[in-house]
Amino acid sequence: MIIAVDFDGTIVKHRYPAIGEEIPFAIDTLKMLQEERHRLILWTVREGELLDEAVEWCRKRGLEFYAVNRDFPEEDATGEGFSRKLKADLFIDDRSFGGLPDWGVIYHRIKAGKAHDADWGRLSLFSDDVYQAPKKSFWDRVFGR
Ligand SMILES: [Mg+2]
């Protein structure tokens with residue numbers, strides 16, 4: 001899979017523009033995924049010097065991305081036909097709907113081929129309870145009827 005990974009708040013704790021401490025097991029997990037032939041793209045708002053620092057921070061820990069803020073290393077981000085939207089199969093980002101799970105969970109879900117199945121999708125609309133068959137229609141629930 002092509003996996004796009006955010007940096008601040010995902011690999012490290014959010015201290016932007018500084019680099020926070022590593023979120024437990026982020027680096028080891030990403031290295032394991034790479035060994036299992038997944039292609040990793042760093043996908044971050046960082047640019048220039050701040051981006052270089054993040055790339056170097058990962059490199060020092062043995063993590064080298066296939067590409068940074070683009071689909072492939074040679075991609076011309078200014079060229080005609082270029083789309084800013086990354087063509088990744090999976091995005092790992094602390095701003096994802098549902099939030100960022102533990103890196104252990106991320107690893108096992110990817111390994112099991114279930115990266116896109118989310119348990120929180122089974123939660124009911126207005127509470128944290130596990131989903132139960134609704135007694136009212138969807139629209140009645142949405143509008144509190
Ligand atoms: Mg983030």
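Derivation of every value follows stated rules applied to the coordinates shown; laboratory data play no part. A quick note: this is a predicted structure, and the numbers were derived from the prediction, not measured. Every residue, glycine among them, receives a Cβ derived from its backbone with ideal geometry; neighbour counts consider all protein chains shown.
For the chain, excluding the exposed loop sites themselves (GluC sites (Glu not before Pro), DSSP loop, at most 14 other Cβ atoms within 10 Å), the longest remaining stretch covers 81-145. Cβ crowding within 10 Å, taken as a proxy for footprinting-reagent exposure, orders ILE3, ILE92 from fewest neighbours to most as ILE3, ILE92.
Can you work out the FRET efficiency for the pair ASP94 and GLU49, with r the C-beta to C-beta distance and R0 = 22 Å, to the nearest 0.05? So the FRET efficiency works out to roughly 0.45.
Around LYS13, under 10 Å between beta carbons, what's the net of Lys plus Arg minus Asp minus Glu among the other residues?
Values: positive: ARG15; negative: ASP8, GLU21, GLU22, ASP94.
Every neighbour counted, the sum reads -3.
Helix 26-35 and the long axis of the chain differ in direction by around 80°, with both axes built from C-alpha atoms. Annotation: amide H-H contacts under 5 Å for VAL5 (H modelled 1.01 Å from N, sequence separation of 5 or more, or interchain): ILE41, LEU42, TRP43, ILE92.
Taking region 20-86, which chymotrypsin sites (Phe, Trp or Tyr not before Pro) meet the DSSP loop condition and have no more than 16 other C-beta atoms within 10 Å? Walk me through the numbers before you get to the answer.
Numbers: sites: PHE25, TRP43, TRP57, PHE65, TYR66, PHE82; in loops: PHE25, TRP43, PHE65, TYR66, PHE82.
Sites meeting the loop and neighbour criteria: PHE25, TYR66, PHE82.
By the rule of a C-alpha distance below 22 Å, with chain neighbours fewer than 8 residues away ignored, the lysines paired with LYS31 are LYS13, LYS60, LYS87, LYS111, LYS114. Here the convex hull built on the C-alpha positions of region 2-118 has a volume of 108 cubic angstrom per residue.
Note on GLU74 and GLU35: the model spin-label points, each 7 Å out from Cα along the C-beta direction, lie 3.1 nm apart.
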